[in-house]
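The values are calculated or read from the model by the stated rules, or taken from the named source; none is laboratory data. All values derive from a computational prediction rather than experimental measurement. So basically every Cβ, Gly included, is an ideal-geometry build from the backbone, and we count neighbours across all protein chains shown.
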Amino acid sequence: MKLTLVILSLFITSLAWAQTDSIPPVKKEIDFVKQLSETDSITGGKVIIHADPKIEQLLKLNISVNRKEQLFQGYRIQILSRSSYGTNVDTLKSYTKRFEEEFPDIPAYLQYTDPDFKIRVGNFRTRIEAIPALKRIRKKYSGAYPVKTTIYLQELNPVVEQDTVTAPPVGF
């Protein structure tokens, strides 16, 4: 039972650290439990798990929920918050664009949370990951601070607009 708990905890912690700042190419799904129960081709070893079958059901439920939701709790750095009353949205958009020009490696997001507009930047899994960027940002935006927020996976990999006009072939 202890071996099962150790293996399960290693599996869960590996999932917690699996996300990166940029999304890698989609990989084929791996069934960790099934892979453990197969005989190793080099050593001939095999892991036998004696556990309640509800644990495997719980893992499958967790995987299906994560596949549907496509989001996670992370951190962004808030650089501005303004009341929506009397605020020009174009001014906020230009502020966001100016930030992206100053820090091209950090994405900026203009969000409306009733009754305020907020400009938040970056995509970080933990507060500690946000600290190096926060130090850089505070040199220009002294009031910046990290905030916990929901980050959608689609925001991490934005669709790049492509030119659909094709050039005529050369030499024909």
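Of all the criteria given as (1) modelled with pLDDT of 90 or more; (2) out of contact with any helix residue (DSSP H, G or I) (no Cβ under 6 Å at 6 or more places or on another chain), the one not satisfied by Pro146 is (2).
Any chance you could count how many residues in segment 61-96 are of a type in the set (D, E, K, R), surrounded by 12 or more Cβ atoms within 10 Å (Cβ to Cβ) and more than 20 Å from the chain's Cα centre (by Cα)? Result for segment 61-96: 2.
Anything in segment 49-60 that is surrounded by fewer than 12 Cβ atoms within 10 Å (Cβ to Cβ) and part of a loop (DSSP other than H, G, I, E, B)? List them, or say none. Result: His50, Asp52. Looking across segment 31-48, the residues that are more than 29 Å from Thr126 (Cβ to Cβ) and either touching a residue at least 60 places away in the same chain (Cβ under 8 Å) or part of a helix (DSSP H, G or I) (or both) come down to Lys34, Ser37.
Within segment 61-79, the residues that satisfy the criterion of being assigned to a strand (DSSP E or B) and of a type outside the set (Phe, Trp, Tyr) are Leu71, Gln73, Gly74, Arg76, Ile77, Gln78, Ile79. Candidates Glu155, Glu101, Glu161: the one that is modelled with pLDDT under 90 and part of a helix (DSSP H, G or I) is Glu155. Restricting attention to segment 112-132, the residues being at pLDDT below 90, surrounded by 14 or more Cβ atoms within 10 Å (Cβ to Cβ) and assigned to a strand (DSSP E or B) number 1. Check segment 69-78 and report whether any residue there is touching a helix residue (DSSP H, G or I) at 6+ places or on another chain (Cβ under 6 Å) and among the hydrophobic types (A, V, I, L, M, F, W, C). Yes: segment 69-78 contains one or more residues that are touching a helix residue (DSSP H, G or I) at 6+ places or on another chain (Cβ under 6 Å) and among the hydrophobic types (A, V, I, L, M, F, W, C).
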